[in-house]
Amino acid sequence: MLELLQYDFMRNAILAAILASIACGIIGVYVVVKKIVFISGGITHASFGGIGIGYYLGINPLFGLIPFSLLSAIIMGLVSKRTKVAEDTAIGILWSLGMAIGIILIYWTPGYAPDLMTYLFGNILTVPMSDIYLMLGLDAVIIFVVYAYYKQFMALCFDEEFTKVSGLSAEKLYLLLLCLIALTIVLLIKVVGIILIIALLTMPASLSRHYTNNLGKMMYLAIIFGVFFSLAGLYLSYVFDAPSGATIILAMSTVYILHFLYDGLKPKIAS
Amino acid sequence: MLELLQYDFMRNAILAAILASIACGIIGVYVVVKKIVFISGGITHASFGGIGIGYYLGINPLFGLIPFSLLSAIIMGLVSKRTKVAEDTAIGILWSLGMAIGIILIYWTPGYAPDLMTYLFGNILTVPMSDIYLMLGLDAVIIFVVYAYYKQFMALCFDEEFTKVSGLSAEKLYLLLLCLIALTIVLLIKVVGIILIIALLTMPASLSRHYTNNLGKMMYLAIIFGVFFSLAGLYLSYVFDAPSGATIILAMSTVYILHFLYDGLKPKIAS
Amino acid sequence: VDEQSSSETTSDSNDNSIIVGVSILPQQEFVEKIAGDNVEVVVMVPPGADPHSYEPTPSQLTALSKAKMYAMVGSGITVEDTMMDKLEDLNPDMQIIDCSEGITLIEMEAHVHEGEEETDEEDHEEESGLDPHIWTSPDNVEIMVENIYQGLVSVDPDNQETYLENKNAYLAELNELDEQIQNTLEGKEGGSFMVYHPAWGYFANHYGITQVAVEIEGKEPSVQDMQNIIDEANEEGIKVIFVQSGFSTVSAEAIADEIGGEVVEVDPLAKDYIDNLAKVAEAFEKGLA
Amino acid sequence: MENVIDLKDIWVSYDGVRVLESVNLVVKDKDFLAIIGPNGGGKSTLLKVILGLIKPDKGSVSLLGGMPAKTRRYVGYVPQYHSSNLDFPVTVWDVVLMGRLNTKRPLQRYNDDDRNAATEALKTVGMLDLKDRQIGELSGGQKQRVFIARSLVNKPKLLLLDEPSTGIDSRMQKEFYELLNKLKSEIAIVMVTHDLSAVSVYVDKIGCLNRKFHYHDDKEISSHDLEVSYQCPVELIAHGVPHRVLKEH
Amino acid sequence: MENVIDLKDIWVSYDGVRVLESVNLVVKDKDFLAIIGPNGGGKSTLLKVILGLIKPDKGSVSLLGGMPAKTRRYVGYVPQYHSSNLDFPVTVWDVVLMGRLNTKRPLQRYNDDDRNAATEALKTVGMLDLKDRQIGELSGGQKQRVFIARSLVNKPKLLLLDEPSTGIDSRMQKEFYELLNKLKSEIAIVMVTHDLSAVSVYVDKIGCLNRKFHYHDDKEISSHDLEVSYQCPVELIAHGVPHRVLKEH
Ligand SMILES: Nc1ncnc2c1ncn2[C@@H]1O[C@H](COP(=O)(O)OP(=O)(O)OP(=O)(O)O)[C@@H](O)[C@H]1O
Ligand SMILES: Nc1ncnc2c1ncn2[C@@H]1O[C@H](COP(=O)(O)OP(=O)(O)OP(=O)(O)O)[C@@H](O)[C@H]1O
Ligand SMILES: [Mg+2]
Ligand SMILES: [Mg+2]
Ligand SMILES: [Zn+2]
């Protein structure tokens, strides 16, 4: 493994894995405890529409992606809070709508065959330096916002009605949280792909949930798990000559599944 | 439109759209009311692993797909019912795991993976006659099972604890329902693709929810909406020369969004 | 790339000309060079789309259902694998010709795997390891043109003479192109060039140079692949990575950063075959190491 | 006839924290038992053990002479918290009919008997007017009434009620207790409650549960140190009871 | 000082079904008002209107002299149903501290004052022992106690309690009512309840709500046809009341 470190691509991959794990660890904890895995998946997929817009307008897809995913996060948030449409249905719809827009726009864009697979599955081995800086910036933003709003987010995730009664705007806080999720997703899409993002968001956070009842500690643990798994997955992908993103997920889920087999498949509640 | 009917591919596409709408209408209602959109998405994505297995073994991907998606449905069901892992986290994990397995296996299979894009994005224009028969069979199975277990499924979706106390096995019923969902997904994958299935499952059912408080009527309405939208989308995709699957989804979501803009974005509950 | 024109040809069809379906843009050029205005060509994979993943639209299918003849590349490009059966169903009278007839398909250049090369070689299916990009070499194109000519003659025997004349003229052009490229690449035999998508295997084979591919069969490189690619590039002194125009260059750029090189666009699917290939050859000449 | 409920030496713990300790309980036909005890005493847990929804760490459960999983279909149960999905597209009527589900096999439809029983049960709880209301559109107490109706609709052999009067207005409460009073001549009833005035008026037997279970299976409770070990609110039980006097214990 | 609550001509309906009809309500400082009424009478709805969680179709709401959205932070609220996420990784302690959130801006941490207040509140409801328990691992009544503590921790100017004694054992209930009795000398309290014996003992003013609101702002209720129009359970209010006699009305 060590001799691999002489390669830039490997150093970048490791940096990307660490930075991604930090963002995912912090935001993932909220995603897991507030049970908005699905909405995160929705934002991720809807953001595909932004990629389509980027291609269609001939600009850097990132400039389509960022506004579009923030917008879809806000729309999902508003739709699920303000209307009588069941939240998960609203998400399912925006999810597919974003994807459909992306596909159609990409189809209509002359002269471009997008590497769809990269967006779906990512490629952590070819992360350019510029993306690393972007991720650093994102991590800084996330850490700052979460530090500032730690108590508020905790109340929001625990009991929205109470948050309102406390004089806070639960809706604004929720939208802020969704926007953080959207940002995380945008910056990670190129690196790890839509599919891996969901894994990175949920698995480390959910694993850490088993070890503590404290929100803050969960975040630290989730980051540690994320870094550990992604580096291990990277190494395994080298050993077995397999795609890195997928191997990271595989490593993570295997540990997760083993962990909870050990922790007891025995039903607590009889069926 | 009418002159299009002289083409076999169009007739098959229309048949496929109708048969898919029937399966989706019935099963989609359960998906929407039991709020298992996410688990359905999970089964869909996990089934990608089955496609990978099919490619790797060099068999028809459908033969990898069917057992794999049934299996992942059952595992998801058991994990979410039997263990303390939060349901949506378990799904997120199996979701990524299935995808990862698919990616790695396809990577290890030499040669281009034909049809891969079809599985991801579907192609209703190239549905062969054999698939139409398969879909007919599936619709028959779904209608029969739902007819037989209508009351039981209703109780299950409404109140699982009560279902248990009534002496039914809530777990078995739930697994049966998930297997029906898995079957539906398998047969729809070729038609609309993994990415868009969720739309077809949720939108007609959720739209019909606005018009009735009766589960059975919801199913009829959902079928009607599904048929209408998919045929309209098909026609529009011809007019605008756009990919059919994506256009169907776009048509559906546009109507859905217009509908609920009309129905009132006005918040009932102040924020 | 000439933008909208070909998508227009796909949609409007006037009844008196013969409709010929083809899979990719270079084939359109071949057919048009031979048949001139006598035929109308419908291309399955429009400009910029990826022949490894493209799915046709209803209007393309309706246009193709009126076609007299379809010239498939025949070397196993994905869109044909998925669509040909369908097209036969759709239009049973259509004459289907296989442009690759008479061309020997070569193995896809595998990534250099040191040591564990032949581990699961046995599992390889027959055609899957073969390189479908036959049209990137002018000598293959001569055979393709010949095949297309035969097909056109069989669906439209009346115009055989025109076709023959046109074909010969085009073959001559292709010959000239071949020589021109030989000249361009003079003295570079045995050199290597690096491409992202390995579309240039036949070209490299024909001119005695080596293609080093980053991505293989639509699959992103693994860590070992990356390691080998970079080592090889450094050994051989490769400083240029060629990417297919229009495709995302991010990954290629990351590798270019690593080897201190640059990314250059070349297009294996341009309609204007002859000029394009000459330009490509010049680009390769500069990038060869 | 055998005992309706027979618990022997039941131990339950959550994550290592013991909640029930060596609980023995026998309920006979036509018993009306109230279980009282402090918050966290394990009352809800005990009902779930009786129904087989929680497996005890130790001990044996017999319900209506069999395994709970087999026999619980003959029990009417009103839980403390409702796990039901309140956006669900069912009306009050559908929910009450659901109480007849245990008598149905797949493919079998509801018949007139079922419908009559449902009408009857809704009348009993005063909710017949609202039978076409979607379940989520009811107020707290209205929902509770519907769930009570659902537990009654199938003529159960045993009623397990976990704080059934929660949210119910006082007029209805009174009617409800009168109803239980009538039912106890036919079936067994076990009710968890904090409403001691109701206990003192209608109930035959009282059990105090605070991890350990103490059964006062006589109208008269013998004096001992219950106050300490079970936190039984003795003075409240004893106070203002019309037809029974509990000794201080 | 201005009125704590001032509702003028409030109308609310759900999906066209009218729930509140021309409700007028004034609560002054140090009032202790109990709202009683039948199930579905609109009591929970009324509290939500006071808090600005539901916008009335018509009418004006003033809370602590301002718009509810601005001033509700000074209110301690215990809802009938808890919308909280019970798997959440917070302890009892965190939940109670959350009650102090309204005094905090982003970036500000909890200080010793906050912690002392939380300790105090937990002691009041007898839950200090369990302060490190995860919230989902409590029994029904224990949870309710924690939520009561949360509503008290911030020394609110008004307490809005929607059936606060739900699930709470009788010993704690008594203590809780004693506490309210003490608090009413400092703050205003509005409590929805079906527990008429508590009403009769501790409360100063009674409001009957059944779509329309009728305010008995005197200890003595004047006689009229309340029984019919508000379904006030007169005989129960009147029965067994130690320090007050209601005329039949
Ligand atoms: N979300 C809703 N949609 C439609 N109707 C509703 C909704 N919530 C409550 N209602 C109806 O409004 C009326 C008043 O409800 P509310 O919850 O305010 O009653 P309540 O006085 O608190 O009753 P309870 O004593 O049972 O808690 C009831 O008839 C109820 O059926
Ligand atoms: N899921 C759980 N995990 C861990 N501990 C639990 C869980 N559910 C209940 N407990 C604990 O078990 C004990 C008994 O709970 P139970 O709900 O049976 O009490 P109860 O007697 O019904 O109380 P209440 O009168 O408050 O409803 C309590 O101390 C509670 O904290
Ligand atoms: Mg309880
Ligand atoms: Mg209420
Ligand atoms: Zn290619």
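The values are calculated or read from the model by the stated rules, or taken from the named source; none is laboratory data. Since the model is a prediction, treat every value here as computed from it, not as a measurement. Reconstructed Cβ throughout: ideal geometry from the backbone, glycine too, with neighbour counts over all protein chains shown. Areas reflect the complete protein model, heavy atoms only, side chains present, ligands, DNA and RNA absent. Shrake-Rupley method; radii C 1.70, N 1.55, O 1.52, S 1.80 Å.
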Would you say residue B:131 is under 30 Å from residue C:91 (Cα atoms) and charged (D, E, K, R)? yes
Out of (1) more than 11 Å from chain C (Cβ to nearest Cβ); (2) in contact with a Gly (Cβ under 9 Å, 6 or more places away or on another chain), the odd one out for residue B:158 is which? (2)
Against the condition closer than 30 Å to residue E:39 by Cβ and within 16 Å of ligand 1 (Cβ to nearest atom), how does residue E:167 come out, does it pass? yes
Mind checking whether some residue in the range D:71-88 is within 16 Å of ligand 2 (Cβ to nearest atom), polar (S, T, N, Q) and in contact with an Asp or Glu (Cβ under 9 Å, 6 or more places away or on another chain)? yes
Residue under question is residue D:30, and the condition is that it be over 29 Å from residue E:127 (Cβ atoms), out of contact with any Leu (no Cβ under 9 Å at 6 or more places or on another chain) and of a type outside the set (Val, Ile, Thr); does it hold? yes
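Suppose we filter C:211, C:227 for residues that are within 10 Å of chain A (Cβ to nearest Cβ) and touching a helix residue (DSSP H, G or I) at 6+ places or on another chain (Cβ under 8 Å); which single one remains?
Criteria check complete, one pass: C:227.
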So residue E:40 ticks every box in (1) without any contact (Cβ under 8 Å) to a residue 40 or more places away in the chain; (2) of a type outside the set (S, T, N, Q); (3) touching a Lys or Arg at 6+ places or on another chain (Cβ under 6 Å) but one. Which box is left unticked? (3)
Only one residue in B:199, B:242 is open to solvent by less than 10 Å² (accessible area, probe 1.4 Å), of a type in the set (A, V, I, L, M, F, W, C) and outside any helix (DSSP H, G or I). Which one? B:242
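A quick yes/no check of all residues on (1) over 18 Å from residue A:6 (Cα atoms); (2) out of contact with any Cys (no Cβ under 6 Å at 6 or more places or on another chain); (3) without any contact (Cβ under 8 Å) to a residue 40 or more places away in the chain; (4) surrounded by fewer than 21 Cβ atoms within 10 Å (Cβ to Cβ):
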residue	(1), (2), (3), (4)
C:199	yes, yes, no, no
C:202	yes, yes, no, no
C:211	yes, yes, no, no
C:229	no, yes, no, no
C:242	yes, yes, no, no
C:245	yes, yes, no, yes
C:252	yes, yes, no, no
C:255	no, yes, no, no
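What number of residues within the range E:138-171 are part of a helix (DSSP H, G or I) and farther than 23 Å from residue E:100 by Cβ?
Start the filter on the range E:138-171 by keeping residues that are part of a helix (DSSP H, G or I), which leaves E:140-152, E:170-171.
With the extra rule that they be farther than 23 Å from residue E:100 by Cβ, the set shrinks to E:140-141, E:170-171.
Residues in the range E:138-171 being part of a helix (DSSP H, G or I) and farther than 23 Å from residue E:100 by Cβ: 4 in total.
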I'd like to know if the range B:139-150 contains one or more residues that are of a type in the set (Asp, Glu) and either within 14 Å of chain D (Cβ to nearest Cβ) or without any contact (Cβ under 8 Å) to a residue 40 or more places away in the chain (or both). no
From the list A:162, A:121, which one is farther than 30 Å from residue C:197 by Cα and among the aromatic types (Phe, Trp, Tyr)? A:162
Of the residues that sit in the range D:99-139 and are in contact with a Phe, Trp or Tyr (Cβ under 7 Å, 6 or more places away or on another chain) and either open to solvent by less than 10 Å² (accessible area, probe 1.4 Å) or hydroxyl-bearing (Ser, Thr, Tyr) (or both), which one is farthest from ligand 2 (Cβ to nearest atom)? D:118
Would you pick out the residues in the range A:145-175 that are among the aliphatic types (A, V, I, L, M) and either in contact with a Cys (Cβ under 6 Å, 6 or more places away or on another chain) or buried (at least 23 other Cβ atoms within 10 Å of the Cβ) (or both)? A:154, A:155, A:156, A:165
What are the residues in the range D:132-149 that are more than 6 Å from ligand 1 (Cβ to nearest atom) and under 17 Å from the mean Cα position of the chain (by Cα), if any? D:143, D:144, D:145, D:146, D:147, D:148, D:149
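Do we have residue E:144 as under 22 Å from residue A:170 (Cβ atoms) and within 10 Å of another protein chain (Cβ to nearest Cβ) here?
no
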Within the range D:155-176, take every residue that is away from ligand 3 (no atom under 16 Å from the Cβ) and closer than 18 Å to residue D:71 by Cβ and give me the one that is farthest from the chain's Cα centre (by Cα). D:155
Would you confirm whether or not the range D:42-57 contains a residue that is more than 12 Å from residue B:165 (Cβ to Cβ), away from ligand 2 (no atom under 16 Å from the Cβ) and more than 11 Å from chain B (Cβ to nearest Cβ)? no
Has the range E:90-104 got any residue that is touching a Gly at 6+ places or on another chain (Cβ under 7 Å), within 7 Å of another protein chain (Cβ to nearest Cβ), modelled with pLDDT under 90 and more than 16 Å from ligand 5 (Cβ to nearest atom)? yes
Pairs, please: C-beta under 6 Å, at least 6 apart or cross-chain, first residue closer than 19 Å to residue C:273 by Cα and in the range C:178-196, second open to solvent by 70 Å² or more (accessible area, probe 1.4 Å)? C:184/C:282
Within the range E:148-186, take every residue that is among the β-branched types (Val, Ile, Thr) and within 14 Å of chain D (Cβ to nearest Cβ) and give me the one that is farthest from ligand 2 (Cβ to nearest atom). E:148
Can you tell me which residues in the range C:241-281 are within 27 Å of residue C:53 (Cα to Cα), in a strand (DSSP E or B) and at pLDDT 85 or above? C:241, C:242, C:243, C:263, C:264, C:265, C:266
Need the failing condition index for residue D:181 against (1) surrounded by 23 or more Cβ atoms within 10 Å (Cβ to Cβ); (2) part of a helix (DSSP H, G or I), just the number. (1)
Does residue E:87 satisfy the criteria of being within 9 Å of another protein chain (Cβ to nearest Cβ), in contact with a Ser or Thr (Cβ under 9 Å, 6 or more places away or on another chain) and surrounded by fewer than 19 Cβ atoms within 10 Å (Cβ to Cβ)? no
